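First up is the structure itself, then whatever we jot down about it.
The values are calculated or read from the model by the stated rules, or taken from the named source; none is laboratory data. Just so you know, these numbers come straight off a predicted model, no measurement behind them. Counting neighbours? That spans all protein chains shown, and the Cβs are built from the backbone with ideal geometry, glycine included. We work out accessible area using only protein heavy atoms, side chains counted, and drop any ligands, DNA or RNA first. Shrake-Rupley method; radii C 1.70, N 1.55, O 1.52, S 1.80 Å.
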Amino acid sequence: MTTINQQGYWYLASYPKSGNTWCRVFITELQRLAALQEPEKLNLNRDLQTGTIASSRHWLDDQLGINCCDLSFAELDPIRGMAGESALLYSEGERFHKVHDAFVSPASKGRPVVNTQGCQGAVYILRHPEDVVVSLSHFFSWELERCLESLVDSQAALVPSERHGGNQVRQHMGRWDQHVHSWLDQKQIPVLAIRYEDMLANGVKTFTALAQFLGLPDEAHLIETAISNTSIDRLKKMEDEVGGFVEKPKGCERFFRSGRTGEGAEHLTLVQRKKLASQLKSGMDRFGYEGPEGASAGSD
């Protein structure tokens with residue numbers, strides 16, 4: 001039996017700014033507590049090593065045996081899912097891999113852009129799209145309207161240039177609802193969907209389900225302590241203690257900001273909110289996300 005089948009690996013998939021990093025910090029802290037390590041405080045810039053992001057160019061270069069910069073994204077996407085089949089990175093406990101890509105891209109010829117061989121499943125984290133717009137605006141220093149247009153753009157992507165030489169390759173996301181459905185409707189690997197709002201309001205239940213799905217310790221005292229140790233307020237304090245989180249982009253004041261729900265309703269205009277509700281109706285209705293004035297998504 002291979003190492004990957006013995007250990008298994010999982011994806012932590014989400015549209016950006018939906019709670020993915022919070023999940024990764026929780027997983028790190030839960031494993032630390034379960035291992036009975038010394039009660040030294042978690043260091044975000046040293047200890048958050050749950051696994052390589054699936055869009056890492058350097059990892060793809062190594063796994064595919066090519067220089068990704070020599071390929072266009074249309075050439076790269078159909079073969080990205082082969083990465084990991086011959087030389088697996090899923091070892092040494094780093095088995096929970098962040099993904100912002102949709103499960104397939106327009107260029108991937110119907111194939112997943114991530115490897116599914118030996119994969120035990122994916123946790124899909126989602127958040128009300130109105131709040132995603134506001135969080136993206138602070139994260140990328142973009143105008144709210146630009147962020148809104150990204151969520152309703154079927155061609156939306158991170159690193160969207162034709163060629164790439166940075167740390168990550170293009171990540172096709174598409175519209176927010178397309179991204180949601182791409183992961184939840186695929187049949188190749190099991191998936192657990194969790195909402196950011198439930199991570200806040202029903203933390204014990206939500207994080208216990210997460211731990212059980214990932215095969216992690218689920219004792220109540222461990223879950224409760226890990227939740228307390230990784231609250232949004234604690235994360236903001238930890239970010240200050242390390243002088244800024246390494247995953248924070250240039251121009252962004254801080255990675256962990258308010259963590260609240262309902263900011264979209266406070267900062268977006270009624271017209272903007274109705275546009276999201278109308279164009280993202282299928283995904284919003286599926287998870288009980290209401291549009292403006294308490295109406296269901298898509299209402300006038």
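Selection of segment 195-219 for residues being open to solvent by less than 70 Å² (accessible area, probe 1.4 Å) and small (G, A, S) yields G203, A209, A211, G215.
The residue that is surrounded by the most Cβ atoms within 10 Å (Cβ to Cβ), among those in segment 178-194 that are more than 17 Å from L214 (Cβ to Cβ) and touching a strand residue (DSSP E or B) at 6+ places or on another chain (Cβ under 7 Å), is V180. Among the residues of segment 34-61, those that are at pLDDT 75 or above, of a type outside the set (S, T, N, Q) and surrounded by 18 or more Cβ atoms within 10 Å (Cβ to Cβ) comprise I53, A54, R57, W59, L60.
Within segment 220-242, the set of residues being at pLDDT 80 or above, surrounded by 14 or more Cβ atoms within 10 Å (Cβ to Cβ) and either among the basic types (K, R) or more than 27 Å from A122 (Cβ to Cβ) (or both) comprises R234 only.
Among the conditions (1) at pLDDT 80 or above; (2) open to solvent by less than 50 Å² (accessible area, probe 1.4 Å), F245 misses just one, which is (1). Considering only residues that are touching a Phe, Trp or Tyr at 6+ places or on another chain (Cβ under 7 Å) and part of a loop (DSSP other than H, G, I, E, B), look in segment 170-196 and name the one that is modelled with the lowest pLDDT. Ranking the qualifying residues of segment 170-196, first place goes to R170. Going by what's in this entry, would P112 be described as over 14 Å from the mean Cα position of the chain (by Cα), in a loop (DSSP other than H, G, I, E, B) and buried (at least 20 other Cβ atoms within 10 Å of the Cβ)? When the stated conditions are applied, P112 passes them. Residues in segment 117-143 that are in a loop (DSSP other than H, G, I, E, B), more than 20 Å from V25 (Cβ to Cβ) and at pLDDT 90 or above: H128 only. For beta carbons closer than 8 Å, sequence separation of 6+ or different chains, a first residue in segment 98-109 that is in contact (Cβ under 8 Å) with a residue 40 or more places away in the chain and within 13 Å of A122 (Cα to Cα) and a second that is of a type in the set (F, W, Y) and part of a loop (DSSP other than H, G, I, E, B), the qualifying pairs are H100/Y15. On the stretch given as segment 123-148, residues that are under 19 Å from V271 (Cα atoms), in contact (Cβ under 8 Å) with a residue 24 or more places away in the chain and of a type in the set (D, E, K, R) total 3.
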